[in-house]
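Report on one structure; see the data block that follows.
The values are calculated or read from the model by the stated rules, or taken from the named source; none is laboratory data. All values derive from a computational prediction rather than experimental measurement. Heads up, the Cβs are rebuilt from the backbone with ideal geometry, glycines too, and the neighbour counts pull from every protein chain shown. Surface areas here come from the heavy atoms of the whole protein model, side chains and all, with no ligands, DNA or RNA. Shrake-Rupley method; radii C 1.70, N 1.55, O 1.52, S 1.80 Å.
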Amino acid sequence: MKTLTLKRIIENKDGMFGVLIDWDVPFALTLERQWLNNEPMLSCIPAGDYICKRVISPKFGDVFKIIGVEGRNNILFHKGNVIDHTEGCILIGEEFGSLDGKTAVLNSGKGFGEFMEKLKGLDEFKIIIEKRR
C-alpha cells in the first residue's frame with residue numbers, strides 16, 4: 001500500500017503547517033487547524049497512522065477521506081489557502097505565503113493536482129501524520 005507522511009512543522013495563530021512526503025521526497029505543503037483536543041470542525045486530527053479512501057465530495061469532487069479518526073468524520077484532503085477554508089480538513093498547496101493578512105498555503109490547485117497525480121489509479125493509501133516537534 002502506498003504510504004505518504006505528513007510532517008507537521010509549525011503551529012501559529014493561522015494554523016498548523018506541514019509538508020507532505022512521498023518516499024523521503026517532500027512534494028507539497030499542508031495547512032490544518034491548530035490542535036484543539038480533536039474538537040470536530042475546530043481542530044486538526046491527532047498524529048497517527050490512518051487509511052485514506054477515495055471519495056466523491058459534493059463540494060470538492062474527487063478527493064481522499066481520512067478513515068478511523070476517533071470522534072471525527074468527513075476529514076478530507078482538498079484545495080484551499082487559509083484556515084477559514086478548512087473545518088478540520090487538510091488543505092494542500094505548493095508554497096507558504098500570505099493571503100488576506102493570514103499565513104497561507106498558495107497555489108493550492110497545483111499542489112492538490114500533484115497530490116492526486118501521485119495517487120492516480122489508487123482507491124486508498126496510508127498516511128502517517130507526525131507530531132510537531
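Regarding segment 110-124, can at least one residue be identified that is closer than 19 Å to Arg33 by Cα and not β-branched (Val, Ile, Thr)?
There is at least one residue in segment 110-124 that is closer than 19 Å to Arg33 by Cα and not β-branched (Val, Ile, Thr).
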Legend entry - Pick from segment 76-104, criterion part of a loop (DSSP other than H, G, I, E, B) and in contact (Cβ under 8 Å) with a residue 40 or more places away in the chain, ranking: surrounded by the fewest Cβ atoms within 10 Å (Cβ to Cβ): Glu87
Inset, instruction - Go through Gly61, Gly111, Gly68 for me and flag whichever is within 23 Å of Lys2 (Cβ to Cβ), free of Cβ contacts under 8 Å to residues at least 24 places away in the same chain and in contact with a strand residue (DSSP E or B) (Cβ under 7 Å, 6 or more places away or on another chain). - result: Gly68
Inset, instruction - Check whether at least one residue in segment 47-56 is more than 17 Å from Arg72 (Cα to Cα) and touching a helix residue (DSSP H, G or I) at 6+ places or on another chain (Cβ under 7 Å), and report yes or no. - result: no
Inset, instruction - Considering only segment 105-125, state which residues are part of a strand (DSSP E or B), open to solvent by 30 Å² or more (accessible area, probe 1.4 Å) and in contact with a Lys or Arg (Cβ under 7 Å, 6 or more places away or on another chain). - result: Glu124
Inset, instruction - Inspect all residues belonging to segment 96-106 and state whether any of them is modelled with pLDDT of 95 or more and over 15 Å from Gly15 (Cβ atoms). - result: no
